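Here's the structure, in structure tokens; my notes come after.
Just so it is clear, none of the values below were taken in a lab; they were calculated from the coordinates. Keep in mind it's a predicted model, so treat the numbers as computed, not measured. For neighbour counting, all protein chains shown are included, and Cβ atoms are generated from backbone atoms with ideal geometry for every residue, glycine included.
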Amino acid sequence: MGRLQATDTSRQGDLFADTAANDDVVSLSPVEPSSRRHRATTSPAFPSHEEMASNLEETGRYRVLRQLVPRPVVPLPSPWPAGLKLGVVLDTETTGLDHATHEVIELGMVTFTFDDGGIRDVVGVFSALREPSQPITPEITRITGITDEMVRGQSIDLDAVERFVESADLMVAHNARFDRPFCEKLARGFDVKPWACSVSEVDWTSLGFEGTKLGYLVGQIGLFHNGHRAVDDCHALLEVLAAPPCIEGAAAPFTQLLAAAGRDCLRVHAIGSPFHTKDVLKARGYRWSDGSDGRPKCWWRDVDETAFDEEETFLADEVYGGHSEAIVQRLAATERFKA
């Protein structure tokens with residue numbers, strides 16, 4: 001049964017009114033056999049869980065969250081329909097935030113079919129734990145629910161991972177800038193795929209949301225799930241992306257994501273920006289590169305190509321004093337969100 005966000009005992013009589021009216025169904029003798037008692041409590045006169053939830057919602061005073069049930073895995077279609085593609089939603093749980101020093105302890109992936117009309121079927125699921133070289137900290141266990149005992153002796157079959165993503169036309173992650181570097185460090189095949197980020201490449205505000213955290217998005221579409229376990233988060237993200245827009249005229253989440261993945265993004269390097277503008281740049285979303293990885297030593301940011309004019313105006317007015325000295329690099333979906 002869906003989880004109820006509030007309780008109102010004054011509505012109990014209305015909720016079970018039909019049941020109370022059928023005394024011959026629910027009034028039982030203490031000596032009646034258990035089989036008859038079971039038949040009585042499962043009588044059609046007793047409201048189903050969904051009916052009870054609907055009754056609460058119809059009052060306008062409650063909102064019911066229903067448990068997210070993952071889509072069933074179905075076989076790949078044969079013959080393959082024209083226009084159908086494969087996407088992979090993935091999530092990693094790690095020992096920390098830095099891909100250079102921390103490790104993946106869980107990888108979850110869900111393969112789904114899609115076309116111009118949206119998300120279709122789930123056709124594959126991958127889930128595996130991995131024992132790291134160092135003990136898992138209490139803070140990571142608190143966040144992920146993963147303990148040293150759970151991962152002891154566990155490993156991820158990297159050949160199986162490579163086979164799983166080999167045919168994918170698009171990789172999707174909720175914060176791809178975090179997941180992609182960890183995945184590329186873990187196994188082959190991720191580095192050549194186009195990536196899409198459901199945090200930065202979906203305009204959740206235009207869809208009536210006020211945040212981007214996955215748990216919040218799931219709740220806003222009327223569901224709840226076992227958060228912070230990799231494959232569960234994958235199933236949850238798939239449903240969030242597939243949800244129809246609640247605002248008339250807005251493009252659905254997955255439609256927005258596909259459109260963004262089909263466009264180039266522009267990496268803007270604020271070369272030679274004055275030191276006193278660092279806080280302005282940081283507040284705008286720019287990140288610092290120290291030049292050790294071959295990039296220019298400067299503040300940089302990725303922007304959608306449709307937003308470049310606005311970014312150039314910002315740099316001219318707020319950073320360079322009337323003109324722009326930024327260096328711009330064009331990146332396709334196969335190149336962005338890398339470390």
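Summing Lys, Arg as +1 and Asp, Glu as -1, what charge do residues with Cβ under 15 Å from the Cβ of residue 120 carry, residue 120 excluded?
Charge balance near residue 120 sits at -3.
If the only charges are +1 at each Lys and Arg Cβ and -1 at each Asp and Glu Cβ, what is the size of the charge dipole of segment 164-266 around the Cα centre, to the nearest 20 debye?
It comes to approximately 260 debye.
I need the shape label for segment 265-331. Rule: rounded when a/c is under 1.5, else prolate if a/b > b/c, else oblate, with a, b, c from the alpha carbon gyration tensor.
Since a/c reaches 1.5 but b/c is at least a/b, the shape of segment 265-331 is classed as oblate.
Based only on other Cβ atoms within 10 Å, what is the fewest-to-most ordering of 298, 197?
Fewest-to-most Cβ neighbours within 10 Å comes out as 298, 197.
Calculate, for residue 271 and residue 57, the FRET efficiency according to 1/(1 + (r/R0)^6) with r their C-beta to C-beta distance and R0 45 Å; round to the nearest 0.05.
Computed FRET efficiency for residue 271 and residue 57: 0.20.
Looking at this model, which pairs from 85/338; 193/213; 213/338; 193/278; 278/338 are more than 28 angstrom apart at the alpha-carbon?
Correct reply: 193/278.
Identify, among 171, 220, 145, the residue whose Cα sits farthest towards the positive end of the charge dipole of the chain, taking +1 on the Cβ of Lys and Arg and -1 on the Cβ of Asp and Glu, with the dipole about the Cα centre.
Ranked along the dipole, the leading option is 145.
By its C-alpha gyration tensor, with a ≥ b ≥ c as the square roots of the eigenvalues, how is segment 146-300 shaped: rounded for a/c under 1.5, else prolate for a/b larger than b/c, else oblate?
oblate
Specify whether the C-alpha gyration tensor of segment 100-218 places it in the rounded, prolate or oblate class, a ≥ b ≥ c being the square roots of the eigenvalues: rounded for a/c under 1.5, otherwise prolate if a/b is larger than b/c and oblate if not.
Oblate, because a/c is 1.5 or more while a/b does not exceed b/c.
Using only Cα atoms, find the angle between the long axis of helix 230-242 and the longest principal axis of the chain, and express it within 0 to 90 degrees, rounded to the nearest 10.
90
Sorted from largest to smallest, which semi-axis lengths in Å does the alpha carbon gyration tensor of segment 221-267 give for its equivalent ellipsoid, taking the root of 5 times each eigenvalue?
23, 17, 7
Quote the relative contact order of the chain in percent (integer), defining contacts as alpha-carbon pairs under 8 Å separated by 6+ residues.
Over the chain, the number comes to 15 percent.
What are the semi-axes of the equivalent ellipsoid for the chain, taken as the square roots of 5 times the Cα gyration tensor eigenvalues, largest first, in whole Å?
Each semi-axis is the square root of five times an eigenvalue, giving 46, 25, 21 Å.
Given R₀ = 35 Å, what would the calculated FRET efficiency be for residue 279 paired with residue 82, taking r from the Cβ atoms and rounding to 0.05?
0.10
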